[in-house]
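J.: Following this message is one structure expressed as structure tokens.
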């Protein structure tokens with residue numbers, strides 16, 4: 001490997017780079033930029049929900065004259081904001097920003113590889129993601145507004161510009177952006193799979209991989225299985241919109257005329273969409289769970305409890321996730337028998353999820369918890385994952401879903417279980433691997449403030465939200481003031497909006513900490529968290545090829561924390577096996593030491 | 001220009017932050033024993049906050065929730081919901097306790113040693129089997145209810161009513177004497193035939209088109225749903241009923257109303273909720289609210305999605321028959 005002797009220019013080092021570490025950072029920064037847009041949008045529409053007929057100069061400032069009147073946003077704009085908020089957060093922040101960042105950064109480092117299997121494809125993957133972000137942001141500025149049919153873009157609403165203005169150019173750009181995004185995701189995922197299967201260093205058996213890598217691996221597989229289906233759904237929608245086909249449309253009378261579409265069905269789109277849409281939840285969540293497993297184990301100074309059970313449950317969740325999509329469609333008009341089947345498969349996911357939650361808790365038990373910000377965010381993830389996951393038992397049960405379907409109960413559920421949880425996983429990952437990315441450390445005090453304000457405001461927004469859902473309040477209503485039966489929910493909505501604004505502003509603490517630490521943070525030692533995994537054996541200053549000499553050989557699994565001699569008759573009984581509470585994966589076994 | 005102003009404020013905030021952090025000790029990076037102690041205690045404090053919030057929500061928000069189900073099918077739904085809710089509530093309280101109490105109890109200290117405890121098949125078996133059994137029982141009951149609700153037997157002889165959706169209104173069509181709805185298709189929409197009913201179909205003649213639903217108490221109603229433009233969803237929360245209206249197909253849902261509107265207004269839960277609402281409305285100087293059943297649109301359908309509703313009135317069967325006989329048939333309206 002002599003790559004690092006090449007003279008690198010600014011362009012090859014920072015822009016068209018094929019170094020996985022730099023590509024990971026590119027994904028992170030782009031994802032953070034999109035995240036700022038997505039979160040800011042949510043704050044704008046939360047203002048509208050809490051104070052529907054009130055003028056806000058911030059609304060007037062950021063929305064065009066077609067989109068608001070005297071500081072009050074129009075109904076179409078409200079729908080556009082919730083649509084783009086959902087799209088950006090789900091795909092651009094929590095798929096590309098989370099999985100893209102950490103898969104790229106960690107896969108080669110943790111398995112002991114010089115780089116991804118194909119650095120060039122990796123670069124293409126990032127630049128396609130960048131292009132799709134540009135197209136999505138550009139769609140915000142077209143005259144009739146961006147896509148506004150909900151992030152699920154159900155036709156006919158998304159197919160007919162007569163039905164909603166956002167279904168014109170805005171929707172076209174949305175579809176183009178998503179098609180490019182899917183290409184990026186597929187190229188990235190294939191690269192991750194090939195790299196993990198082929199480029200593991202000597203001794204790095206699959207059963208010695210850190211759980212992060214297992215999570216990225218399984219995530220990539222479900223991505224490859226399900227994303228193409230969304231691509232085909234989007235293509236057929238493009239055909240219906242532009243070439244007059246009728247895959248999703250039939251018997252439509254709108255704006256005073258009968259349209260020519262015959263024989264299609266929107267339910268077909270719902271099937272295709274959710275065939276990706278549900279696994280997508282796990283594409284978002286599994287990397288966060290993998291990151292958390294690693295961080296909790298490191299900071300608890302304890303092996304992760306039930307390593308094999310954790311791998312088993314990741315696999316079980318991934319498998320089940322591909323056969324549960326119909327639970328989004330219990331009241332879509334599909335055959336009730338299918339509803340029964342999907343109820344059964346859906347609720348089964350509770351079992352591996354429960355195993356994971358219990359395993360995390362057992363890992364905390366009798367640990368020696370180092371309360372770094374990354375650890376706090378991981379604990380926060382376990383908490384929100386449990387809170388949000390439990391209400392899945394209500395929504396997954398078809399009979400109960402009838403009455404809470406598309407209410408705020410659903411919004412509360414998925415924001416906690418995949419939104420907040422995955423964001424916490426992402427923050428945990430950033431705090432933990434920041435030294436690996438930038439060679440410096442983030443400030444812990446700001447991290448603590450960031451964590452506590454964020455978790456309190458997250459619960460403050462999404463916990464009461466369950467109850468307004470149970471009061472029957474439908475989601476995606478521009479205002480609830482036309483229904484006196486919802487008048488008693490106003491105060492709760494105001495409270496939630498205030499919490500949302502506090503939570504949103506608290507992210508400024510994080511941004512400040514992040515960017516200041518890049519330049520001013522304390523220089524990182526080689527292994528700041530006393531961790532076992534391979535990435536902490538690489539030099540702090542990045543080099544292309546990761547290790548200056550030979551790639552290290554691996555002799556044990558990643559979780560030998562606080563390993564002691566446990567033979568009662570041994571004079572060393574109770575002492576750490578290697579004299580300290582962690583053992584690098586590269587350390588050979590001692591005589592008489594059992595491998596775990 | 002205003003946008004620039006806000007961006008300027010954000011930049012100014014950022015710069016002041018930068019200046020503040022210059023004097024802060026950015027060198028404080030890895031948790032010390034003191035941090036572990038503080039953060040562990042904060043975790044316990046957060047547990048108290050979480051418990052307080054959960055208990056407050058459970059008690060104080062009881063009054064804003066939907067009243068008991070007003071349909072016979074919905075009763076079982078409520079039952080199932082209560083069982084599920086108790087179950088997840090207990091698990092939630094227990095799990096959150098374990099998470100944050102352990103975070104406090106085992107907060108790090110350099111004199112402590114973590115326990116090397118990597119596996120226990122017995123424990124893992126326990127927490128696989130217990131959730132599995134609970135879940136099988138729960139969905140067993142759930143699926144029985146689902147089948148009760150979704151399959152309508154021939155012998156039940158329900159009253160057939162069509163609910164018709166368009167941007168942004170609801171209409172309804174009663175099947176008339178023959179209890180058979182005439183065929184409908186968007187191609188027949190013309191003039192006052194707004195629901196596109198095929199008037200050459202003999203079954204159409206005695207159908208009756210209305211803008212409000214009247215339902216008899218104690219009779220099974222089979223709703224047939226159609227949409228003429230985009231997806232809508234007919235959501236009748238008080239009856240625990242919801243079904244999408246899909247252009248190009250007919251969907252259905254059935255339930256049996258249990259209480260008349262008048263009876264429901266005397267229900268103690270409804271009275272409590274109505275009083276709460278009216279206190280708020282009075283403070284704003286608005287007319288008092290009187291309880292009514294409603295049908296709402298619950299699938300994003302365009303700009304006025306938030307204002308797509310239809311009133312439902314449940315009456316005794318005799319009143320229902322009287323009301324229905326006063327409505328004109330389509331044959332009379334559309335010549």
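The values are calculated or read from the model by the stated rules, or taken from the named source; none is laboratory data. Only a predicted model underlies this, so the values are computations on that prediction, with no experimental measurement involved. Quick reminder, even Gly has a Cβ in these numbers, built from the backbone with ideal geometry, and neighbours come from all protein chains shown.
J.: Scan the range A:376-389 and tell me whether some residue there is over 21 Å from the mean Cα position of the chain (by Cα), within 9 Å of another protein chain (Cβ to nearest Cβ) and buried (at least 24 other Cβ atoms within 10 Å of the Cβ).
T.: Taking the range A:376-389 and keeping what is over 21 Å from the mean Cα position of the chain (by Cα), we get none.
Looking for residues that are over 21 Å from the mean Cα position of the chain (by Cα), within 9 Å of another protein chain (Cβ to nearest Cβ) and buried (at least 24 other Cβ atoms within 10 Å of the Cβ), one finds none in the range A:376-389, hence no.
J.: Residues being within 30 Å of residue A:268 (Cβ to Cβ) and in contact with a helix residue (DSSP H, G or I) (Cβ under 8 Å, 6 or more places away or on another chain): count how many of those fall in the range B:254-298. Spell out the reasoning first.
T.: In the first step, residues of the range B:254-298 are kept if they are within 30 Å of residue A:268 (Cβ to Cβ); the result is B:254-255, B:295-298.
Then drop every residue that is not in contact with a helix residue (DSSP H, G or I) (Cβ under 8 Å, 6 or more places away or on another chain), which leaves B:254-255, B:296-297.
Of the residues in the range B:254-298, 4 are within 30 Å of residue A:268 (Cβ to Cβ) and in contact with a helix residue (DSSP H, G or I) (Cβ under 8 Å, 6 or more places away or on another chain).
J.: Right, another one. Return yes when residue A:193 is closer than 30 Å to residue A:296 by Cα, touching a residue at least 60 places away in the same chain (Cβ under 8 Å) and either surrounded by fewer than 20 Cβ atoms within 10 Å (Cβ to Cβ) or away from chain B (no Cβ under 14 Å) (or both) and no when it is not.
T.: Values: closer than 30 Å to residue A:296 by Cα: yes; touching a residue at least 60 places away in the same chain (Cβ under 8 Å): no; either surrounded by fewer than 20 Cβ atoms within 10 Å (Cβ to Cβ) or away from chain B (no Cβ under 14 Å) (or both): yes.
No.
J.: Turning to a different aspect of this structure: Restricting the search to the range A:311-327, which residues are in a loop (DSSP other than H, G, I, E, B) and either under 18 Å from the mean Cα position of the chain (by Cα) or surrounded by fewer than 18 Cβ atoms within 10 Å (Cβ to Cβ) (or both)? First the steps, then the outcome.
T.: Start the filter on the range A:311-327 by keeping residues that are in a loop (DSSP other than H, G, I, E, B), which leaves A:322-324.
A:322, A:323 - these are the residues of the range A:311-327 that are in a loop (DSSP other than H, G, I, E, B) and either under 18 Å from the mean Cα position of the chain (by Cα) or surrounded by fewer than 18 Cβ atoms within 10 Å (Cβ to Cβ) (or both).
J.: Same structure again: Of all residues in the range A:337-364 being without any contact (Cβ under 8 Å) to a residue 40 or more places away in the chain and farther than 17 Å from residue B:125 by Cα, which is surrounded by the fewest Cβ atoms within 10 Å (Cβ to Cβ)? Show your work before the answer.
T.: Residues of the range A:337-364 without any contact (Cβ under 8 Å) to a residue 40 or more places away in the chain: A:337-338, A:341, A:344-345, A:348, A:351, A:354, A:357-358, A:361.
Okay, now just the ones that are also farther than 17 Å from residue B:125 by Cα, so A:337-338, A:341, A:344-345.
Numbers: A:337: 12, A:338: 15, A:341: 16, A:344: 19, A:345: 18.
Across the range A:337-364, the extreme among qualifying residues is A:337.
J.: While we're on this one: Here is a list: A:199, A:186. Which entry is away from chain B (no Cβ under 14 Å), surrounded by fewer than 24 Cβ atoms within 10 Å (Cβ to Cβ) and more than 25 Å from the chain's Cα centre (by Cα)?
T.: Working: A:186 fails: more than 25 Å from the chain's Cα centre (by Cα).
Among A:199, A:186, only A:199 is away from chain B (no Cβ under 14 Å), surrounded by fewer than 24 Cβ atoms within 10 Å (Cβ to Cβ) and more than 25 Å from the chain's Cα centre (by Cα).
J.: Additional query: Please pick out the residue among A:163, A:113, A:149, A:117 that is out of contact with any helix residue (DSSP H, G or I) (no Cβ under 8 Å at 6 or more places or on another chain), assigned to a loop (DSSP other than H, G, I, E, B) and in contact (Cβ under 8 Å) with a residue 60 or more places away in the chain.
T.: Values: A:113 fails: out of contact with any helix residue (DSSP H, G or I) (no Cβ under 8 Å at 6 or more places or on another chain); A:149 fails: out of contact with any helix residue (DSSP H, G or I) (no Cβ under 8 Å at 6 or more places or on another chain); A:117 fails: out of contact with any helix residue (DSSP H, G or I) (no Cβ under 8 Å at 6 or more places or on another chain).
The match here is A:163.
J.: Only one residue in A:213, A:196, A:182 is in a helix (DSSP H, G or I) and more than 12 Å from residue A:107 (Cα to Cα). Which one? Spell out how you get there, then give the answer.
T.: Numbers: A:213 fails: more than 12 Å from residue A:107 (Cα to Cα); A:196 fails: more than 12 Å from residue A:107 (Cα to Cα).
From the options A:213, A:196, A:182, the qualifying one is A:182.
J.: Another question about this same structure. Keeping to the range A:246-267, report how many residues are outside any loop (DSSP other than H, G, I, E, B) and either facing another protein chain (nearest Cβ under 8 Å) or touching a helix residue (DSSP H, G or I) at 6+ places or on another chain (Cβ under 7 Å) (or both).
T.: From the range A:246-267, those outside any loop (DSSP other than H, G, I, E, B) are A:253-254, A:257-258, A:266-267; that's our starting set.
Cutting the leftovers down to either facing another protein chain (nearest Cβ under 8 Å) or touching a helix residue (DSSP H, G or I) at 6+ places or on another chain (Cβ under 7 Å) (or both) gives us A:253-254, A:258, A:266-267.
So the count comes out to 5.
J.: Something else now. Give the residues of the range B:189-216 that are within 14 Å of chain A (Cβ to nearest Cβ), buried (at least 20 other Cβ atoms within 10 Å of the Cβ) and not in a loop (DSSP other than H, G, I, E, B), sorted by residue number.
T.: B:197
J.: Got a sec? Which of B:262, B:286 is over 18 Å from residue B:149 (Cβ atoms), outside any strand (DSSP E or B) and away from chain A (no Cβ under 12 Å)? Walk me through how you get there before you give the answer.
T.: Working: B:286 fails: away from chain A (no Cβ under 12 Å).
None of the others qualify; the one that does is B:262.
J.: Among the helices (runs of 4 or more DSSP H) lying completely within the range B:1-117, list those that include at least 2 residues that are within 7 Å of another protein chain (Cβ to nearest Cβ) and more than 38 Å from the chain's Cα centre (by Cα). Explain how you work it out, then say what you get.
T.: Working: elements: B:2-23, B:33-60, B:72-105.
Counting at least 2 such residues, we get B:2-23, B:33-60.
J.: Shifting gears a bit: If you go through the range A:85-93 one residue at a time, do you hit one that is over 24 Å from the mean Cα position of the chain (by Cα), touching a residue at least 40 places away in the same chain (Cβ under 8 Å), assigned by TED's automatic domain parsing to the domain that holds residue A:194 and surrounded by fewer than 24 Cβ atoms within 10 Å (Cβ to Cβ)?
T.: No, every residue in the range A:85-93 fails to be over 24 Å from the mean Cα position of the chain (by Cα), touching a residue at least 40 places away in the same chain (Cβ under 8 Å), assigned by TED's automatic domain parsing to the domain that holds residue A:194 and surrounded by fewer than 24 Cβ atoms within 10 Å (Cβ to Cβ).
J.: Of the residues A:393, A:423, A:381, A:416, which single one is under 20 Å from residue A:317 (Cα atoms) and modelled with pLDDT under 95? Let's see the steps before the verdict.
T.: On the way: A:423 fails: modelled with pLDDT under 95; A:381 fails: modelled with pLDDT under 95; A:416 fails: modelled with pLDDT under 95.
None of the other options fit; the residue is A:393.
J.: Identify all residues within the range A:429-440 that are within 10 Å of chain B (Cβ to nearest Cβ) and touching a strand residue (DSSP E or B) at 6+ places or on another chain (Cβ under 8 Å); write none if there are none.
T.: A:434, A:440
J.: Condition first: away from chain B (no Cβ under 14 Å), more than 19 Å from residue A:333 (Cβ to Cβ) and buried (at least 21 other Cβ atoms within 10 Å of the Cβ). Can you find one or more residues in the range A:268-278 that meet it?
T.: yes
J.: Restrict the check to the range B:299-306 and report whether at least one residue is buried (at least 17 other Cβ atoms within 10 Å of the Cβ), more than 10 Å from chain A (Cβ to nearest Cβ) and not in a helix (DSSP H, G or I).
T.: no
J.: Something else: Go through (1) assigned to a loop (DSSP other than H, G, I, E, B); (2) more than 8 Å from chain B (Cβ to nearest Cβ); (3) within 25 Å of residue A:151 (Cα to Cα) for residue A:478 and report which single condition fails.
T.: Condition (2) is where residue A:478 drops out.
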